[in-house]
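The values are calculated or read from the model by the stated rules, or taken from the named source; none is laboratory data. Just so it is clear, the model here is predicted, and its values are computed rather than measured. Every residue, glycine among them, receives a Cβ derived from its backbone with ideal geometry; neighbour counts consider all protein chains shown. Side chains are part of the model used for accessible areas, which takes the heavy atoms of the whole protein and leaves out ligands, DNA and RNA. Shrake-Rupley method; radii C 1.70, N 1.55, O 1.52, S 1.80 Å.
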Amino acid sequence: MAAQIYSKKEVKVKVSPNLADYQETHASFNWQEASKDVEWFPNGGLNAAYNAVDRHIKTARKDKIALIWEGTNGEKKQFTFHDLYKLSNKFANLIKGKGAEKGDRVFIFLPRIPYLYASFLAILKNGSIAGLLFSAFQEQALLDRLADSGAKILITNTELSKRLENIRKDLPELKEILTVDTAEFEAELGKQSEEFTAIATDPADFAFMLYTSGTTGKPKGVVHQHYAIVAQHATARYVLDIHDEDIYWCTADPGWVTGIAYTILGNWSNGATSVIHEGRFDPDKWFQILADYKVNVWYTAPTAIRMLMGAGDDLPKKYDLSPLRHILSVGEPLNPEAIHWSIKVLGLPFHDTWWQTETGCISIANYPAMDIKIGSMGKPFPGIGAAIVDDLGKTIEDGKEGNIALKPGWPSMMKAIWQRQEKYDSYFVNGWYLSGDHGYRDTDGYFWFIGRSDDVIKTSGERIGPFEVESALIAHPAVIEAGVIGKPNELRGSIIKAFVVLEKDSLQKVKDPQEAQKLKDELSQFVKKHLAGHAYPREIEFIDKLPKTRSGKIMRRILKARELGQPIGDTSTLEEY
Ligand code: PRX
């Protein structure tokens, strides 16, 4: 079936897009030229946080609002670029005083409060490496990340710091925990100077790291360099289409890469007034934020969009959403219904964007000036070469399924996997970076997503490794083994489903359906409490035995095929079936 096209001739709101002609920019773009849009130090140094905030202090943007913040209980605060500059300088002086040096890992474990953003900037200005921890993480997830990175300082609050009580003894490298909601901290921060000279880091120096999941093993630390700001700046300009007068809202948490690249770095480097909402998703609240702050550019995710759709078409009618000009989505497939809905209700199509923690910036996208083929992820960002290749890294003809691959060399390609060179190297085949996603390119050059080539689960847009959930389940005394898959779900993209092998006594017990349900609930809660609030199995099935390869690896693909009633495919490596 031919794709439906949303022609840009239908666009009613006229603001000249920063990228006026995709083909033209694609042909002329080069990173050397693009890197002139950020400010370099005279010695060739480059600091991403300096570019996000400090450089504006010398311009008319100094007193412009950078951050409009709304807290969980409706509290409101605003910060100009100058305010953010001063606050992050104080933070930088404080962590420096606590012993944070260049290259040291300083982690942040906070809800979306202003101190999160100021401390992130401070860490980069100090030349240290910022690590971000999603506030839903519990003991095991925290321990894995803080231990692997060898974090020296942790910035958190009183409530979240309680999750560290039992694991602190296992973190010998963690020297300092700063709880930002205490009177002592306020007093100490208050004493710091508002002046701090951002370190002229080498463009290749590490700036921040984020742990993300693959199929096997514990999460790995994806590390990004300061030079990534060049790509984050260019993509915020051309894809998010940020103009100086815009009010911009990206709903992502900085525990995920979108929240770093586009609620801190690329948006502020373009001088955008950015809205941050601390609270949880709530349809009424979200429409209210769009209306109250007159948001023009909105970057969000498919699960949230589907939930907004689920709230009914009358709800958005209560709000004046007419300031919206450009709306985008990331993180999981954007279904055509979501685009049709936004055209109907908001008068605008959602623009899908595709990228990953590892790519550090939007890599394939739909642009304001380019027709949308509804259901497609769009075309590669100018300056990023994309192709479909086979497993050996040979390009495949248009229309055929293969690996979505990118040509290394764009500024925000991950610089390292923390202390795992072989893991880093395994991403590259025959001169291509392989994303782990499958898709195809059509003859017009548009890319279409098919699915993951591995067992990574995307639930509500969040990337979960099955191994982490399996390990958490096995820690429960009733569980011998577990196999975890993503089960397709209309609202959340996928939900986590666990197949669990029980020890004998529990096996007897669960013959009673009530006991079985009780244990299922207990296991879900157990994962929630020990691993993370968002990474628990919503469905559990007790099973006698897990399908495994002869070498003992769980064959999740067989669990999935069985679950979906699909053919199980090649079982030649299966232990016994
Ligand atoms: O499978 C793809 C999916 O999200 C993965 C990357 O997840 P993460 O590293 O958490 O980064 C998400 C936000 C940058 C990809 O490998 N994904 C991302 N965008 C899309 C998508 N799947 C389909 N369509 C997209 N637009």
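Numbers at a glance
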{"quantity": "Phe428, Phe381, ranked by accessible area, largest first (probe 1.4 Å)", "calculated": "Phe428, Phe381"}
{"quantity": "Shape of the range 169-290, Cα gyration tensor, a/c cut at 1.5", "calculated": "rounded"}
{"quantity": "Out-of-range pairs (alpha-carbon distance over 28 Å; input Lys528/Lys553; Lys8/Lys487; Lys497/Lys518; Lys90/Lys162; Lys509/Lys548; Lys125/Lys529)", "calculated": "Lys8/Lys487; Lys125/Lys529"}
{"quantity": "Rounded, prolate or oblate (a/c below 1.5 giving rounded, otherwise prolate when a/b exceeds b/c) for the range 453-508 by Cα gyration tensor", "calculated": "prolate"}
{"quantity": "Extension gain (nm, one decimal) between Glu422 and Glu159, 0.36 nm per residue minus Cα-Cα", "calculated": "90.9 nm"}
{"quantity": "Solvent-accessible surface (1.4 angstrom probe) belonging to Lys285, in square angstrom, nearest 10", "calculated": "50"}
{"quantity": "Packing-based order for 71-80, 110-119, using average beta carbon neighbours within 10 Å, highest first", "calculated": "110-119, 71-80"}
{"quantity": "Amide N proximity, the range 184-214 versus Ile57 label position 7 Å along Cα-to-Cβ, cut-off under 16 Å", "calculated": "192-201"}
{"quantity": "Cα pair count fraction exceeding 15 Å, expressed as % - the range 40-140", "calculated": "65"}
{"quantity": "Nearest-0.05 FRET efficiency for Ile474 and Glu337, computed from C-beta distance (R0 45 Å)", "calculated": "0.70"}
{"quantity": "Percent of beta bridges antiparallel (DSSP, the chain, rounded to nearest 5)", "calculated": "60"}
{"quantity": "Proximal aspartates and glutamates relative to Lys400, as straight alpha-carbon distance under 19 Å, when same-chain residues fewer than 8 apart are discounted", "calculated": "Asp390, Asp391, Asp437, Asp442, Asp444, Asp454"}
{"quantity": "Sparsely packed GluC sites (Glu not before Pro) within the range 149-247, loop by DSSP, other Cβ within 10 Å at most 16", "calculated": "Glu165, Glu173, Glu194, Glu195, Glu245"}
{"quantity": "The chain: calculated mean residue ellipticity at 222 nm from DSSP helix runs of at least 4, using -39500 (n - 2.57)", "calculated": "-8000 deg cm²/dmol"}
{"quantity": "Rounded accessible area of Val38 (nearest 10 Å², 1.4 Å probe)", "calculated": "10"}
{"quantity": "Solution diffusion estimate, µm²/s, Stokes-Einstein, the range 457-564, Kirkwood Rh from C-alpha pairs, 20 °C, viscosity 1.002 mPa s", "calculated": "153"}
{"quantity": "Approximate spin-label separation Ala187-Arg538, in nm, with each point projected 7 Å along Cα-to-Cβ", "calculated": "4.8"}
{"quantity": "Point-to-point label distance, Val345-Arg562, nm (Cα→Cβ direction, 7 Å offset)", "calculated": "3.9"}
{"quantity": "Dipole magnitude of the chain about its Cα centre (Cβ charges: Lys, Arg +1; Asp, Glu -1), debye to nearest 20", "calculated": "240"}
{"quantity": "Largest to smallest accessible area among Glu358, Glu490 [probe 1.4 Å]", "calculated": "Glu490, Glu358"}
{"quantity": "Quotient of C-alpha Rg and 2.2 N^0.38 Å, computed over the chain", "calculated": "0.96"}
{"quantity": "Area of Tyr211 that stays accessible when all protein chains are in place (1.4 Å probe, Å², to 10)", "calculated": "20"}
{"quantity": "Within the range 156-182: backbone nitrogen closer than 17 Å to the Lys98 label point (7 Å, Cα to C-beta)", "calculated": "156-165, 168-169, 171-182"}
